[in-house]
1. Where Rh denotes the Kirkwood radius from the mean inverse Cα pair distance, what is Rg over Rh for the protein assembly as shown?
2. Relative to the longest principal Cα axis of chain A, at what angle does helix A:36-46 sit, 0 to 90 degrees, rounded to 10?
3. Give a residue-ordered list of calculated ³J(HN,Hα) values for segment B:320-333 (Karplus: 6.51 cos²θ - 1.76 cosθ + 1.60, θ = phi - 60°; whole Hz; x for Gly, Pro).
4. Straight-line reach from B:K418: which lysines have Cα under 27 Å away, leaving out those fewer than 8 places along the same chain?
5. Relative contact order for segment B:926-1054 using alpha-carbon pairs under 8 Å, separation at least 6, rounded to a whole percent?
6. Give me the distance in nm between label points sitting 7 Å out from Cα along the Cα-to-Cβ direction at B:F982 and B:Q352, one decimal.
7. For segment B:598-647 and segment B:660-714, what is the centre-to-centre distance using only Cα atoms, to the nearest Å?
8. How big, in percent, is the set of alpha carbon pairs in segment A:164-226 lying more than 14 Å apart?
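Just so you know, all these numbers are worked out from the coordinates, no wet-lab data involved. What you see is a predicted model; the values in this text were computed from it and never measured. Positions of Cβ are backbone-derived with ideal geometry, glycine not excepted, and every protein chain shown enters the neighbour counts.
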Amino acid sequence: MRPAEGRHPRHADLLATGGINGTAKFDEPTAAIRPQYAGLLVAEAMEYPVDVPGFTGEKGVEHWPNAVGDFESGFPDGEDLCHVPELVSSFDRPELPAIADDPMTPDVDETVEATPPVSVSYEWTDARWLNTPDAQGTQFEADLKFTQDGCTAEFHVVAVSPAVHCVTDEDCTATGNGINPDFAVECDNSINDPMSPDVVDDPMTPEDEAVDYGLCVLAKPIPSYE
Amino acid sequence: MRRSAWITILGAVAAQAAVVSTAQAGPSDAVLVGVVRDASTGEGIEGALVIVTGEKIQGERTMTTNVSGLYRIPNLPPGTYDVTVFAKDYGAGNKRTGLQLRAGVTIRVDVSLVRSGAREVIEVAVPAPTVDVGSSATGLSVDREMAQRVPIAIPTGKGAANRSFEAIAEATPGARNDTYGTSIAGTTSPENKYYVDGLSVNDPGFGLNGTGLSVEFLEEVRIEAGGYMPEHGRSTGGVINAVTKSGSNQFHGNVWAYYTPGQLEGRREIARREGDAIVTERNLNWIGDAGFDLGGRIIKDKLWFYGGVSIARTVYDLTSSWNRVALDPQGNALIDPETKFTVTERIAGTTQRFKAQGTTVQAIGKLTYSPNKRNTLEILAIYAPSLSGGNGTFGMNAQTGQPEVLNLVGDYGALARKYRDNATDLQFKWNWRDDDGKWNFDTILGWHHQLNQRNAVDGTRVGDTTGLAGTPSVIYRQTNNFYGADGSLLEPGMPGYREVHSLTDLTPLPSGAPAGACDPMMYGYTDPTTMDAQTRSVVCPIRQWTAGGPGLLYDRRLDRLQAREIVTRLARGAGHHVIKFGVDFEYTQYNSNRGYSGNQIYRESTNGTNFADFRMYSFLSGPDDANVIRNLNWNVMSTTIGGFIQDSWSIMDKVTLNAGLRYDAQHLFSGDRTLAMALPNQFSPRVGLIWDPTYSGKAKLFVNYARFYQSVPLNLADRAGTGEPGLQSFHNAVGPGACSDPLAPGANEPGGACTTDANRLLIGGPADPDQRWALASAGKTPIDPRLKPQSSDEIVAGGEYEIITDTRLGVQYTHRWLHRAIEDMSRDEAATYFIGNPGYGIAKDFPKAKRVYDAATLFIEKRFAKHWMVTGSYTLSWLRGNLAGLFRPETGQLDPNTTSDFDLISLLENRSGYLPGDTRHSFKIFAAGEIVLGNGQFLRLGGAFRARSGGPTNYLASHVLYGFDESFILPRGSGQRLPWNFSIDPTIGYTKILRKDLRLTVSMDVFNVANFQQILATDERYTFDEVNPIKGGTIGDLANATTTDGTPITVNPNFGNPTLYQQPRQFRFGVRLSF
């Protein structure tokens, strides 16, 4: 158990109120999914150097990307899965206005083009998490209908926690990377995570610096075990 | 002369007496067994009548021998007995007098009778044998004589004030004091099983001793260190059994008082530390106890009573003073060249005096009723309330027996609490035996109850919304920053430049001090690690200050209900058998109501820009939708059902084979009444073989194998099995309307500056649904479904020889190793935790938990007879592994089975090595004697001598998630060993027999008479920086080691310096009137 001193990491865990002696109802849990892409759209607007009309100062904008849905039950089913039938998030991020050049700094051009508004929608269905003592929601599967500006794509989503960046399959099974060593995982180099972009070769040097970063993914449908 | 005729007859009577096996006896009572034989033929005499009389039993106990001449008289309370044997055609009788029976032992007295027509009863004084030829248990018995004559219990630590029985356990070979009691055979004190008269008094929540009964009420304390039989279970440590005094047909009583004045304390070596603006000295003011007891009869031979009351009090002086940085005439701070500490000077008129004090009352009552020969009934009741703290004083920590604070760096209302710790015990025992002694039934029903309250000093309690309980605790801890991101030296006023809080920012200067004594002023300072010349202004720097409310408050109620039935059967077949079997049921309950004053503890960030919700019971019901729990109230419980069967088989009276099996099943239930943890199938085999090569009870060689299972204390079901939901957010402390001080009026109220979402920093990443809140802990910790209970295996072997009457010399070897451990673990760096067996099941990628104890002991024991006694031992031992036990000695963390030892993958490296309890050499000698001065006067002399080689030390660093001292930079035990330490504790006393059965004794114990001030601990914090372990590293690797950021390590200037010295010389004066 954590000693008296120490810092705390974060992850989501939502429960209904009204449990024993003012605590939560552990058997009425709720899930929230926040896609990184949608989160970055909001973060971009929040960190924008000038006010964004329709966004800056609005209440609750930081929660726009959250898709929230109740679990079917407080306990896993016979296959150790916890199900959420549907989670939806949908928002329109307004236009990020153009920024004019600052006349006080003649040697720097601060001009930024306006970014057009974006409309995104995530409809998650049949979301399910594997829930056992050694996989505490760390394997996930769902169907996703993603719509951006009227264009829709359907995905089957498979996920493993924690997110581990990799180059080879060995990176995914390395001891201490946080992934349960019993999980069947492999490196998917086709994923281009904006948090860990690929490195391209520098033509000015004789060495090949190119690194194709990917993410560790489940090698089998859940439950994905060796 | 009649006497000479007796001696002639005696020549033909071979009385053979031997101690056989602790195994057969109940936890506190002794058993007398033996064979009555015909001296000429050697055959057993059937139908001989054996009569046992003694002060401690009502009436007499009788038994007729069976076909092989065997008799067995169980349930004899410790004491001195006479045995008389009558047989037809064998004269008028044969009497053995002065048999001393100790708790838990089985004494064997064989009697050979000569056919004669003599008309006198033959009387022989038989010293009870000292070699226990039927037992392979190791340990120590401390009887009343030893406890009263030798100053074993030192006046410091847990149970010091009332001289509690667990403090005496330290006299056992190989045992040592630890933070929460006595460590036996390399284990930790919460692993011990504590009994009072067979009633289990372990704290159901944490495993510590819950009823620290004074030795004044005890006949004997029996410590079984290892090799014990299946009737003892649920412990991987030792079994410590306190046997209370009983009434008798005569009236006996004592009045006593003991007093240890602080004024006579020897000079204390003070551990120097980096100059803080507040320095607190802790000195004993006084410690003492007084009481009386009385035992006697209500109905002769039928109904006896015993009762007593004692009151004990501990008072410490806490003297704090303000200090400022000392400057030379040029205005530069002085640095001590030796310690590298900044020199500070005391500011006149700033001394503040506080007391830390606690009072414990103990009352005991016992009735023993024997309506007839077959039945004995006993009722025992103990009530022991304790109070400490409040009314301007600080409290005493009931778990350690020390004042609750070290340094008074905070407001009184934030640092001090008011404690109430009560223990109540009630037990009913019934013994039934049949007339011929073949069957014996013991029924025990018991209840142990504890109340532990921690309240605010103004009397407000957990859950209250007013007063100190309604005020949050705030920790201020802004640090210095004199270097820019590029390593350049910053000057005051430059961006990023920062200084620690000045004490006067947080609390007013005491009125007696010169005005402005702590006002900031510019002065020169040279950093001793970098030699950079800097400028500073804070002359009274304070690194941490706690203000507001008292933080965690609680109201805990704990219960332990127990029912036991033990059946003993005497049988014959290829020798003699003592077969014992029983069932043992326990229900424990822990109702824990706790909360933080004002809902939470705020902690300032080291850069001073925000306050974190450092501790707050709370949970999320939607993204960033936090719900605060004012007080968390869980009621958890556990059931343990077990049974055992054992046979002590005496083969031809030369070899004894003890074999048995114990089964236990423990189930722990969460606060929501669901099963949290199931630990069935605890099969503990125990096998021992004892051989008496002398065939006369004077020696033995033995070997024993045993498996021990640990009972899991309820703290696990409460914290991990039910959950301590907690959240954390960070309140902006800079700018207008910010949460700049959580103690400002209204700041902690709904909508206040420190509760409004507007001031919570956005900390979430793009993929975090919660942007303002971080989860600190949630609900239940999942448990490996194939979890196995924690267990140890042990092999003991040894030999003993009775060198002279009453004196035995022995050697023994113990090898004890942890088989499996239960711990919590996280493989994703604290995102999710689970409970399992490290190295097995779902935790198979974690290293196996290891703790291996090897000890060789040479001991001598002469019990008190002919005016003197001595008990001495030398133990050579090794203790290695990666898990100390149920608490972490390095940090004091008491979370049985869920310490931080295996928590994080990044912390696992370098954990194997010499554990904190590793002591290579340990000498202990306890001796007492009396010189007869005549005229009913005695001079009492004695003392204790202890010598111990020093323990291992470590190179520790901070961990990014877990904080200070959690990362072993080098393998465990790589540091320089601590030095040897010695203590000599003599005692002198004078006894005067005032009239028949009335004696007065005055005594003086001197603890650490030479006032040795040897180092007991050093600062093992190599650096405050975050450094990951260097796998298999050596001291040579430290020079190139870097922090997790890749920057060079800043070595803690205090590393390796002493932090704790031996207790100084103390005098304890005693007076006792006994009749």
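1. Working: Rg = 35.3 Å, Rh = 34.5 Å.
Here the Rg-to-Rh quotient is 1.03.
2. 40 degrees
3. 3J(HN,Hα) across segment B:320-333, in whole Hz: 10, 9, 8, 9, 10, 5, 7, 10, 7, x, 7, x, 9, 5.
4. The qualifying lysines are B:K158, B:K355.
5. Worked out over segment B:926-1054, it gives 25 percent.
6. Taking the simple label geometry, B:F982 and B:Q352 are separated by 4.3 nm.
7. For segment B:598-647 versus segment B:660-714, the Cα centre distance is 34 Å.
8. Cα-Cα pairs in segment A:164-226 separated by more than 14 Å: 59 percent.
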